[in-house]
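Worksheet: the structure to be examined is printed underneath.
The values are calculated or read from the model by the stated rules, or taken from the named source; none is laboratory data. These numbers were taken from a predicted model, which means no experiment stands behind them. Ideal geometry is used to build each Cβ from the backbone, glycine not excepted, and the neighbour counts take in all protein chains shown. Note: areas computed on protein heavy atoms with side chains; ligands, DNA, RNA excluded. Shrake-Rupley method; radii C 1.70, N 1.55, O 1.52, S 1.80 Å.
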Amino acid sequence: IASTTMAYVAEIPAIAATNPFTDVKESNSHYIAITELYGQGIVSGITVTSYKPGQDTTRGEAALFLAKALDLDTKNVSNPGFKDVPTSSEYYGAIAVLHAKEIIGGYGDTFKPENTLTRAQLAKMLSLGFELEQATSTSSKFTDVNKLTDIATKRYIQTLVDYSITSGTTATTFSPNKNLTRGQLATFLYNAINTTTEEFDVIDVQ
């Protein structure tokens, strides 16, 4: 694949992984991603000692973690005007900057930050956020993706395959309409950072 023109992700010095989460064991397939990104301040737990890797990701959480992964300025932002995202929200800055860059959108005058996010929706966010060169093919090794009617979504998912950001939920499925878990979000971000900075080794899960 052609090299990416990604310009946002900052080179972050490698540091020893730390793990305060009692529910993230070394046997967990997302362990490396969660601990590495936690150590860099990109992901955070539900509580000080709990990450809940199997819990569904919300739109607000995904926006917050993605903005941090892209090292975006979340302070000097313009208010996108979402009624359910007040300036006091922990997600406000991330949602505002990602919306301004047309990486995410809302539902009219709402964003619905507490709603869950699907794996297909994250594929779009990653492709646009990391400025990956979009796949030209809509034919996928994933049988469930081939059944989709939205061509753009099929290309976003294929783009992640081309960059080795995902290997699917199985060899032949991506589960595009399935809710994204917090563990999967960490691994997607970890692998996306690797494709643009070569800081990590890609993890062959999701």
Query - Rg and Dmax [Cα atoms of the stretch 108-206; Å; Rg one decimal, Dmax integer] - result: 13.0, 40
Query raised in the report: About the Cα centre of the stretch 33-96, what is the dipole size in debye to 20, counting +1 per Lys and Arg Cβ and -1 per Asp and Glu Cβ, all else neutral?
Result: 100
**Report entry** Label-point gap, in nm, between SER88 and ASN177 - each point 7 angstrom along Cα→Cβ
**Finding:** 3.9
Requested in this report: Would you list, by chain and number, the lysines whose Cα falls below 26 Å from the Cα of LYS147, excluding same-chain residues fewer than 8 positions away?
Outcome: LYS124, LYS178
Requested in this report: Taking only protein heavy atoms into account and a 1.4 Å probe, give the accessible area per residue of the chain in Å².
Outcome: 47
Query raised in the report: For the stretch 66-83, what does the Karplus curve 6.51 cos²θ - 1.76 cosθ + 1.60, with θ = phi - 60°, yield as ³J(HN,Hα) per residue in whole Hz, taken in order and with x for Gly and Pro?
Result: 5, 4, 5, 5, 8, 6, 8, 6, 9, 9, 8, 10, 9, 5, x, x, 6, 5
Query raised in the report: Relative contact order (percent) for the chain, with alpha-carbon contacts under 8 angstrom and 6 or more residues of separation?
Result: 25
Report summary line: Here the longest stretch of the chain that holds no GluC sites (Glu not before Pro) in a DSSP loop having at most 13 other beta carbon atoms within 10 Å is 115-197
Report task. Just need the Rg to Rh number for the chain, please, alpha carbons only, Kirkwood Rh. Result -> 0.94
